[in-house]
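Below is one structure, written out as structure tokens; comments come after it.
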Amino acid sequence: MALKHHSDHHLRFTQQVENSRNYVLPFIEEAYPIQPGYAILEIGCGEGGVLQPFLEKGCRCTGVDLDQVRLDLGNEFLESYVKSGELEFVNQNIYEEGFLKKYQGAFNLIMLKDVIEHVPEQDKFIPYLRKLLKPGGKIFFGFPPWYMPHGGHQQVVKNKYLGMMPYIHLLPNVLYRGLLKAFGEADSKVTELMEIKDAGISIERFERIVKQSNYTIANRKFYLINPIYKYKFNLQPRVQSPLISNLYFIRNFFTTCVYYLIG
């Protein structure tokens, strides 16, 4: 079921650039206008496509990721910005002492797009990010709520029929693992999806961590149809109805993406 962009690196990069330019950047600027010279960090940046529109606005950008192969592609795709010193890619864990020493209090904006749902111990991670922010800085999160139809990222599996099944990630662990194996998924893929299951985050849990970490929500938007689906599936993005987005917990099941800006 793996989609074309999973193997086509240039297509994935182009989709991320367009999604960032048309949806991520405008959402952030609704509450926090981006100025030339701003220092921006993207965590889990991959090839750096999300950063390109910010580079075009004259920002100085840093992308950090643990996958060196994707960073190498970013250095290729965004070579001119790297050579000019406007962009740097870093292969490092942000918890490492050397990373914090170099970047403490360095950024006007931190971005995590489709990342927080993969991060363990989010109640530790989200407050830690404040150490990297300048005073008055903001953090952007975009992620699929765990309970949405494909919140378990099951679309990455090999079997196309299994990948199309909604809500299967909500099965008890033993049943979900058994289902993945029954459809012939490799042990490595089963492990990956079970780790995603452990880290999945709901709207309510995210907002609870934000509040406990003494952040304020500067902006938020819920989508019935995730903006990235425009590029992946040719579906037009659609903002979630307030009637649904205000229904505590129930909203998770029918919201494919949420955007937050906190600070």
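For a modelled paramagnetic label at Lys160, 7 Å from Cα along Cα-to-Cβ, the residues of segment 168-187 in reach, with backbone nitrogen under 19 Å, are 183-186. To the nearest ten degrees, helix 187-199 and the longest principal axis of the Cα atoms of the chain are 70 degrees apart. Using the Cβ-Cβ distance between Asn246 and Asp123 with R0 = 25 Å, the FRET efficiency computed as 1/(1 + (r/R0)^6) comes to roughly 0.50. Extension gain for Glu204 to His10 (0.36 nm times residue separation, less C-alpha to C-alpha distance): 66.3 nm.
Cβ crowding within 10 Å, taken as a proxy for footprinting-reagent exposure, orders Thr216, Thr255, Thr14 from fewest neighbours to most as Thr216, Thr14, Thr255. Taken over the C-alpha atoms, segment 10-97 has Rg and Dmax values of 12.4, 36 angstrom. For the pair Lys83 and Gln236, label points projected 7 Å from Cα toward Cβ lie 4.2 nm apart.
Is the shape of segment 71-150 rounded, prolate or oblate, going by the alpha carbon gyration tensor and its root eigenvalues a ≥ b ≥ c, with a/c under 1.5 for rounded and a/b larger than b/c for prolate? Since a/c reaches 1.5 but b/c is at least a/b, the shape of segment 71-150 is classed as oblate.
For segment 154-198, relative contact order (Cα pairs under 8 Å, six or more residues apart, normalised by length) works out to 35 percent.
Quick note: the coordinates plus some simple rules give every number you see, no bench work behind them. Keep in mind it's a predicted model, so treat the numbers as computed, not measured. With ideal geometry, Cβ positions are generated from the backbone for all residues, glycine too; neighbour counts draw on all protein chains shown.
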